[in-house]
1. Take the conditions open to solvent by less than 30 Å² (accessible area, probe 1.4 Å), out of contact with any Cys (no Cβ under 7 Å at 6 or more places or on another chain) and outside any helix (DSSP H, G or I) and apply them to ALA54. Does it pass?
2. Exactly one of (1) open to solvent by 40 Å² or more (accessible area, probe 1.4 Å); (2) among the acidic types (Asp, Glu); (3) over 14 Å from the mean Cα position of the chain (by Cα) is unmet by ASP166. Its number?
3. Among the candidates LEU191, LEU180, LEU187, LEU141, which residue alone is of a type in the set (A, V, I, L, M), modelled with pLDDT of 95 or more, open to solvent by 90 Å² or more (accessible area, probe 1.4 Å) and under 19 Å from LEU75 (Cα atoms)?
4. Checking the condition of a type in the set (Ser, Thr, Tyr), open to solvent by 70 Å² or more (accessible area, probe 1.4 Å) and closer than 28 Å to LYS2 by Cα, which residue from TYR81, TYR63, TYR121 passes?
5. Return the only residue of LEU116, LEU93, LEU110 being assigned to a helix (DSSP H, G or I) and open to solvent by 80 Å² or more (accessible area, probe 1.4 Å).
6. Pairs under 6 Å by beta carbon, first residue over 16 Å from LEU109 (Cα atoms) in the stretch 51-64, partner hydroxyl-bearing (Ser, Thr, Tyr) and surrounded by fewer than 23 Cβ atoms within 10 Å (Cβ to Cβ), six or more apart or different chains?
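The values are calculated or read from the model by the stated rules, or taken from the named source; none is laboratory data. Quantities reported herein were computed from a predicted structural model and do not represent experimental measurements. We place every Cβ from the backbone using ideal geometry, glycine too, and count neighbours over all the protein chains shown. Please note that ligands, DNA and RNA were not included when accessible areas were found on the heavy atoms of the full protein model with its side chains. Shrake-Rupley method; radii C 1.70, N 1.55, O 1.52, S 1.80 Å.
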Amino acid sequence: MKRSRSFMAALSLLGWFALIAQFYLMINSGVAPVPELTIRFFSYFTILTNLMVAVCSTTLWLYPGSRFFSRAGTLTAITVYILVVGIIYNVVLRLLWQPHGLQKIVDELLHSVIPLLFLLYWVLFTARRRMDWKQCWTWLLYPLVYFIFILGRGSFSGFYPYPFVDAARIGIPQVLVNALGVTGIFLLLSLLFIGISRYLTSTQK
């Protein structure tokens, strides 16, 4: 328990630092009014998911008995979400820009360091807790609601947080194809983690 709380404490501090620093950098970019930039900040799946990780980590650090965040299903779903953040960025988006200074540090924390650390936490403290296959369908609700939100807001604001969901540029049909591909990544990772947990728990008997 002490090791788990120490891990969550470190992850929590890293997560809040990265989120606050990214908000500071965005607000000071001056590319749009502050209210619009604030909405844009919370329009990124990366930000929302890292916020989820930060809240989860802080809760398990300060209140390790949390009935919601200590559940294997909750921790595994968040692991899947933050790993998708890392995979999409490092495979698709990393080469689209070259950040420097504080922005580079923040980028690495949000897209690489924190996903890997949360995965490590899952391996060390969650992997041997059995889960049901059907849980994976519930885990898709978060990305589905996010997708509907960014398409809806983008249709009247003209702002799309990622190029592969930019309906104004690539069209709705291509956006739907891209969304289907990302959904496949969510589903495959979910089934993989559930399968690992079921295998590990079966070997303990």
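1. Against the criterion (open to solvent by less than 30 Å² (accessible area, probe 1.4 Å), out of contact with any Cys (no Cβ under 7 Å at 6 or more places or on another chain) and outside any helix (DSSP H, G or I)), ALA54 does not qualify.
2. Condition not satisfied by ASP166: (1).
3. Just a single option satisfies the conditions, and that option is LEU141.
4. When all the criteria are applied, what remains is TYR63.
5. Result of the check over LEU116, LEU93, LEU110: LEU116.
6. Matching pairs, first to second residue: THR58/SER12; THR59/SER66; TRP61/SER12.
Listed here are the residues, each with its yes/no results for (1) in a helix (DSSP H, G or I); (2) in contact (Cβ under 8 Å) with a residue 60 or more places away in the chain; (3) of a type in the set (Phe, Trp, Tyr).
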{"site": "ARG67", "(1), (2), (3)": "no, no, no"}
{"site": "TYR89", "(1), (2), (3)": "yes, no, yes"}
{"site": "LEU102", "(1), (2), (3)": "yes, yes, no"}
{"site": "LEU144", "(1), (2), (3)": "yes, no, no"}
{"site": "PRO161", "(1), (2), (3)": "no, yes, no"}
{"site": "ALA179", "(1), (2), (3)": "yes, no, no"}
